[in-house]
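A quick write-up on the structure given underneath.
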C-alpha cells in the first residue's frame with residue numbers, strides 16, 4: 001500500500017535517513033522501533049512532506065507522494081499523530097477534534113465521526129467542553145489520536161503514543177490501537193516501548209543510525225535478540 005524505496009532525507013546539510021526501504025501493508029499495523037536518533041520520527045515527517053527527500057521514492061498505491069504539500073496529505077488518506085501530541089491547549093476538546101475534519105470531503109461526515117470518536121474514546125465525550133490544556137497526558141494523547149482519525153485516514157502514522165504516560169494509560173492507548181486495527185485502519189507506529197509495540201504489530205522494522213537493520217513479521221521476533229540489536233550488542 002505504502003512503499004518507500006532508497007529514501008534519503010534530512011535537515012539541510014545533515015542527512016538522517018540512508019537508503020531506507022520499507023513496505024507498509026494495507027490493514028496491518030507495522031511498528032518501527034529503535035534507539036533515540038535512529039531516524040524514526042524523521043521518516044514519518046518525510047512521508048508527510050515535512051522533511052524533504054533528497055533521493056528515493058515514497059509511493060502510495062503506486063502514486064508518488066514526493067512534492068505533495070503536507071496540508072494536502074489528508075486528501076490522499078494520510079494522517080500524522082505527532083510526538084508530543086501538539087493539541088491546541090486553548091481550545092476545547094471538541095474544537096480540537098473538529099479541526100481534524102477540516103479537509104473539505106470530511107466536513108459532511110463531521111458529526112457522525114465525532115460520535116464515532118466519542119464511542120472509541122468515552123473519556124473525551126465527558127470532557128468535550130473542557131479546554132484541552134487542562135487534560136492529563138493520557139487524555140491529551142487521546143485527543144491527538146481522535147483528531148487524526150477525524151480525517152478518516154486510510155493510513156495513520158503515530159509517533160511515540162506512550163511517551164511519558166503511566167502504564168495503565170499506555171495499556172488503554174494500545175487497546176484503542178487494537179480496535180483501530182480491527183476496523184481495518186492501516187497503522188504505522190513508531191514506539192520506544194518494544195514489548196507493547198510487539199503486542200499489537202504484524203510486522204516490525206528496527207532502525208539504527210538512519211538505516212533499517214531488521215525487517216521481520218512480529219511473530220518471528222525474539223525479544224532478547226531484538227534488544228541486543230537495539231543497543232548495538234549484535235550486528
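Taking the condition at pLDDT below 90 and out of contact with any strand residue (DSSP E or B) (no Cβ under 8 Å at 6 or more places or on another chain), does residue 84 pass? For residue 84, the condition - at pLDDT below 90 and out of contact with any strand residue (DSSP E or B) (no Cβ under 8 Å at 6 or more places or on another chain) - is met.
Being exposed (fewer than 13 other Cβ atoms within 10 Å of the Cβ), assigned to a helix (DSSP H, G or I) and touching a residue at least 40 places away in the same chain (Cβ under 8 Å) is the filter here, so list the residues in region 168-192 that pass it. 179, the sole residue that qualifies. Return a yes/no flag: does region 144-151 have any residue that is out of contact with any helix residue (DSSP H, G or I) (no Cβ under 8 Å at 6 or more places or on another chain) and farther than 22 Å from residue 186 by Cα. No, region 144-151 contains no residue that is out of contact with any helix residue (DSSP H, G or I) (no Cβ under 8 Å at 6 or more places or on another chain) and farther than 22 Å from residue 186 by Cα. The residues of region 203-235 that are more than 19 Å from the chain's Cα centre (by Cα), buried (at least 16 other Cβ atoms within 10 Å of the Cβ) and in a loop (DSSP other than H, G, I, E, B) amount to a single one, 221. A Cβ distance below 8 Å, combined with a sequence gap of six or more or placement on separate chains, defines the contacts here; from region 151-167, residues that are without any contact (Cβ under 8 Å) to a residue 60 or more places away in the chain reach residues that are crowded, with 22+ Cβ neighbours inside 10 Å and assigned to a loop (DSSP other than H, G, I, E, B) in the pairs 162/191.
For residue 123, state whether it is assigned to a helix (DSSP H, G or I), within 20 Å of residue 179 (Cβ to Cβ), modelled with pLDDT under 95 and in contact with a helix residue (DSSP H, G or I) (Cβ under 7 Å, 6 or more places away or on another chain).
Values: assigned to a helix (DSSP H, G or I): yes; within 20 Å of residue 179 (Cβ to Cβ): yes; modelled with pLDDT under 95: yes; in contact with a helix residue (DSSP H, G or I) (Cβ under 7 Å, 6 or more places away or on another chain): yes.
The answer is yes for residue 123.
Residue 165 - would you say it is closer than 28 Å to residue 24 by Cβ and part of a helix (DSSP H, G or I)? Even if it seems obvious, please write down each step before you answer.
Details: closer than 28 Å to residue 24 by Cβ: yes; part of a helix (DSSP H, G or I): no.
Answer is no for this residue.
With a requirement of 3 or more residues that are surrounded by fewer than 19 Cβ atoms within 10 Å (Cβ to Cβ) and out of contact with any helix residue (DSSP H, G or I) (no Cβ under 8 Å at 6 or more places or on another chain), the strands (runs of 3 or more DSSP E) lying completely within region 1-73 that satisfy it span 2-11, 14-24, 53-60.
Scanning region 193-202 for residues that are touching a residue at least 60 places away in the same chain (Cβ under 8 Å) and surrounded by 18 or more Cβ atoms within 10 Å (Cβ to Cβ) yields a total of 4.
Residues in region 153-162 that are out of contact with any helix residue (DSSP H, G or I) (no Cβ under 6 Å at 6 or more places or on another chain) and either in a loop (DSSP other than H, G, I, E, B) or farther than 25 Å from residue 103 by Cβ (or both): 153, 154, 160. In this structure, residue 112 qualifies as part of a helix (DSSP H, G or I) and surrounded by fewer than 22 Cβ atoms within 10 Å (Cβ to Cβ).
The values are calculated or read from the model by the stated rules, or taken from the named source; none is laboratory data. Only a predicted model underlies this, so the values are computations on that prediction, with no experimental measurement involved. Heads up, the Cβs are rebuilt from the backbone with ideal geometry, glycines too, and the neighbour counts pull from every protein chain shown.
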